Amino acid sequence: MIYDVIIIGLGPAGISAGIYAHRQNLECLLIGKSFGGQMVSKAVDIENYPGFNKISGFDLVEKMIDQLKEKGIEYLEDKVVSIVKNEYFEIELDSGKKFQSKVVIVCTGAEPRRLSIEGEKEFLGKGVSYCTTCDGPLFRNKDVAIIGGGDAGFEAARFFSKYANKIYVIERGKDFIASSKNQEIVRSFYPKIETLLETDVIRIIGDSFVKGIECSKNNEALSLKVEGVFVQIGYVPTTGFLGDLVDMNDRGEIIVDRETLETKTPGLFAAGDVNDGRVKQIVVACSDGARASVYAYKYLNNK
């Protein structure tokens, strides 16, 4: 079978693209490692998605998945390892399965950026994590360190205040980059949280589990006893499977036509955080997904 469109990614952009492709009677298939994308790691309630005064990332994902399933849209949880363009796009999955389609919409979002320090890889799953809501409840009454002084770091700290005994928010720069609102909330209402500026994490230490971190603060050694290290220093676009089908900017994002979201390869579109749009928000990803499907339909009907 040759699909009209295969959508890669099961986050908000991919789900939105799937719904719009279905509405246009396109034969479509969604493929992704897991549902939700970055939404499932949102540490606090989402307060800027239309229709909800406040909703958790998990609950919003569930509502999107319910809508997808109710419409009977075909999906597959698997990882895409390569795409080749011949007469059609040929897509190979980690499981060995292969599919063909006339159009592809890439909605793979981004993966957590790594610290690339000693102990990070060794203690992954043993105290080192990139997902606060996934692993946060495991650290009840323990001390944890959150690496990163942006909004994600501060929101993670607020989330951890429900579980952890002590929370350190560590930023290597001279200023936190989190919004002033987030910083004020933490200073005013969260006495468990201690913030550290100009602090570089050098290594993560432990035995069978994380026991602490070694840092450099103002060129002086600083050791903190923690049992959890949560890395919140941003994301890297997930594009490794695309080869030379796309051009990317210096941030590793896919360059697209800003109106159609089409890449340099005809019939290949990119929506959401994976492309070079500057605003990274859930509602923007949904908009991108819808727009990419609309232009995919136009592409198919103009061939």
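Structure values in brief
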read-out	value
Proxy reagent accessibility, fewest Cβ within 10 Å first, across Ile213, Ile117, Ile255	Ile255, Ile117, Ile213
Given [x] 20.8, 64; [y] 18.0, 57; [z] 18.9, 60, the label whose value is Rg and Dmax of the Cα atoms in Å derived from this model	[x]
Lone cysteines, the chain (no partner Cβ under 4.7 Å)	Cys28, Cys107, Cys215, Cys286
Ile7 long-range amide H proximity, modeled H, under 5 Å	Leu29, Leu30, Ile31, Ile105
Angle in degrees between helix 57-70 and the longest Cα principal axis of the chain, rounded to the nearest 10	20
Ordering of 103-111, 286-294, 82-90 by packing [mean C-beta count within 10 Å, highest first]	103-111, 286-294, 82-90
When each of Lys126/Lys192; Lys69/Lys97; Lys54/Lys181; Lys33/Lys126; Lys97/Lys126; Lys63/Lys162 is checked by Cα-Cα distance, pairs over 27 Å	Lys97/Lys126
Order of Met1, Met248, Met39 under a 10 Å beta carbon neighbour criterion, fewest first	Met1, Met248, Met39
Tilt relative to the chain, helix 12-23 - C-alpha long axis, 0 to 90 degrees, to 10	20
D (Stokes-Einstein, µm²/s), Kirkwood Cα radius, region 128-231, 1.002 mPa s at 20 °C	159
Fewest-first ranking of Lys102, Lys63, using other Cβ atoms within 10 Å as the exposure measure	Lys63, Lys102
Those lysines that a straight Cα-Cα span of less than 20 Å connects to Lys264, excepting residues fewer than 8 apart in one chain	Lys85, Lys102, Lys298, Lys303
Residue of Asp59, Asp250, Asp200 that the Gaussian network model of the chain assigns the largest fluctuation, springs spanning Cα pairs under 10 Å	Asp250
Leading residue at positive end of dipole, the chain (Cβ point charges), from Leu124, Gly57, Tyr20	Gly57
Other-chain or far-sequence residues with amide H under 5 Å of Tyr168's (modelled H)	Val144, Ala145, Ile146, Glu194
Dipole moment magnitude, nearest 20 debye, the chain about Cα centre, only Lys, Arg, Asp, Glu C-beta charged	500
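No lab work stands behind these numbers, since they all come straight from the coordinates. Computed from a prediction, not measured in an experiment: that's the story for all the values here. A quick note on method: Cβ atoms are made from the backbone with ideal geometry, for glycine too, and the neighbour counts reach across all protein chains shown.
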